[in-house]
Structures are given as structure tokens and as C-alpha cells.
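The values are calculated or read from the model by the stated rules, or taken from the named source; none is laboratory data. Values in this document were obtained by computation on a predicted structure and should not be read as measured data. In this analysis, Cβ positions are derived from the backbone assuming ideal geometry, glycine residues included, and neighbour counts consider all displayed protein chains.
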Amino acid sequence: MPFDDAVPDVEGLRELYRQPHPLVLRKQIDHVDEAARAFVEASPFVVVATTGPAGTDASPRGGAPGFVAVLDEHRLAIGDLAGNNRLDTHTNLLADPRIGLIFLVPGVDETLRVNGRATLTTSPAVRDAVAVDGRRPPLAIGIDVEECFIHCAKAFRRSGLWDPSTWTAPEDRPSGARALRDHIGLDVEPDVVAADLEAGYQTTMWEPGG
């Protein structure tokens with residue numbers, strides 16, 4: 001069933017909202033300043049958005065704070081640690097280098113947004129900058145920064161994401177193992193899938209590439 005009452009254009013969209021405050025527009029800069037650098041270096045988690053022939057994709061990336069390297073005020077780099085080997089982000093970037101990043105810092109309600117253009121690089125110098133415990137990944141995503149700005153705290157305040165009192169009880173939380181079993185149509189108990197997933201996490205957590 002199609003969605004009714006589609007917004008037809010930018011003018012129709014703007015009629016639904018008030019104009020942004022001038023400070024909201026002024027906060028957008030074209031480089032990584034000292035405050036943004038501090039945010040990136042404190043962040044253990046970033047969401048990476050890309051677009052390719054099959055559509056748009058958002059992928060989580062995580063590591064110890066500072067796993068995303070600030071090379072200079074115009075360039076970032078993300079090392080390619082172990083994943084699912086689908087390479088969705090990589091193949092998208094080969095088709096369309098545009099990239100969007102949202103950096104999170106636990107306990108901080110604001111996020112840092114960075115947009116730019118990405119290059120898949122095997123440069124030894126860049127790979128050294130994103131090495132983990134001396135292990136250099138086979139590939140890094142280099143980002144030429146075009147936009148950088150702090151995003152307001154409203155989403156995190158509404159969600160209560162960092163407030164444990166709002167969290168779903170452990171026994172009521174969605175099961176990733178159950179979801180995977182149902183996605184694939186496996187005829188096994190979720191506990192079996194969970195054990196297999198955990199074994200894979202333990203053996204490949206810090207393995208470069210994926």
C-alpha cells in the first residue's frame with residue numbers, strides 16, 4: 001500500500017517546519033577543528049552511511065576510543081577490522097564516494113556528524129595510523145571532510161539511550177540470535193545460533209579485514 005499525502009517538494013516540506021536558528025546554520029564547518037577532534041578521539045562507535053547501486057546502507061563500526069584517526073583537519077581514516085565480509089560499505093564507496101558519519105560518545109547526548117568523500121586506500125602510512133595493537137589492517141577508508149558539526153541532544157534525550165533506568169529488562173530484549181535464525185530459516189534453537197555467534201566473535205573480534 002503506498003504512503004498517502006506525500007510531500008511534493010522542498011517548498012511543501014519547509015511549510016511544515018519553522019526556519020532553523022541562524023546558529024544552527026553557522027555551526028556547520030568544512031574541517032575538523034579542535035573540539036571535533038576531541039569528539040572523534042573519544043568516540044568508540046561510529047555509524048557509516050553510504051550509497052551504491054543497490055541503494056543506501058548504514059553500517060556500525062566500533063573500537064577503542066580513537067580507532068578513527070584524525071590525520072589532519074581535513075582528513076579522517078577508519079581501519080577495516082573484522083566484519084561479515086559482505087563488503088557493502090566498500091562496494092558502495094567504489095560506486096559513489098559520498099559518505100556520512102555519526103560519532104557517538106557514551107554518556108554524551110550530542111553527536112558529531114561528518115560528511116565528505118571517501119577513498120579505499122592501502123597506503124601503508126594510513127594503515128599504520130589505524131593499526132590496532134600493532135596489527136595493520138589490509139585496507140582503510142580515508143575521508144576527505146566536507147562538512148562537520150555537532151548534532152543536538154534531542155534524539156538521545158528522548159530515547160534515554162544512556163539512562164539504564166529506561167533500558168529493557170534483559171529477559172525482554174530482542175534476541176539477535178533469534179532474528180538471525182528467523183531471517184535464514186534455520187531449524188535450530190536460538191541458543192545454538194547464539195553459541196555459534198559468540199564463538200565467531202571470540203575468534204575474529206580483532207582480525208583485520210571484513
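Results, tabulated for the structure shown:
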read-out: Breaking point among (1) touching a residue at least 24 places away in the same chain (Cβ under 8 Å); (2) part of a strand (DSSP E or B), for ALA36; value: (2)
read-out: Any hit, segment 49-59, residues being within 16 Å of GLU110 (Cβ to Cβ) and assigned by TED's automatic domain parsing to the domain that holds ARG127; value: no
read-out: Some residue of segment 75-85 being closer than 27 Å to GLY55 by Cβ and not assigned by TED's automatic domain parsing to the domain that holds ALA35; value: no
read-out: Residues that are outside any helix (DSSP H, G or I), of a type in the set (D, E, K, R) and farther than 19 Å from GLU146 by Cβ, drawn from segment 12-33; value: GLU15, ARG18
read-out: Candidates ASP9, ASP72, ASP96 - the one that is of a type in the set (Asp, Glu), more than 13 Å from the chain's Cα centre (by Cα) and more than 19 Å from VAL145 (Cβ to Cβ); value: ASP9
read-out: Unique residue being touching an Asp or Glu at 6+ places or on another chain (Cβ under 7 Å) and surrounded by 11 or more Cβ atoms within 10 Å (Cβ to Cβ) when the list is VAL70, VAL40, VAL108; value: VAL70
read-out: Residue that is modelled with the highest pLDDT, among those in segment 164-205 that are surrounded by 11 or more Cβ atoms within 10 Å (Cβ to Cβ), of a type in the set (A, V, I, L, M, F, W, C) and outside any helix (DSSP H, G or I); value: TRP167
read-out: Candidate set: segment 63-74, residues that are part of a loop (DSSP other than H, G, I, E, B) and touching a helix residue (DSSP H, G or I) at 6+ places or on another chain (Cβ under 7 Å); chosen: the one nearest to ILE141 (Cα to Cα); value: GLY66
read-out: Segment 75-92: number of residues that are crowded, with 19+ Cβ neighbours inside 10 Å, in a loop (DSSP other than H, G, I, E, B) and over 14 Å from the mean Cα position of the chain (by Cα); value: 0
read-out: For GLY116: the one exception among (1) touching a helix residue (DSSP H, G or I) at 6+ places or on another chain (Cβ under 6 Å); (2) modelled with pLDDT of 90 or more; value: (1)
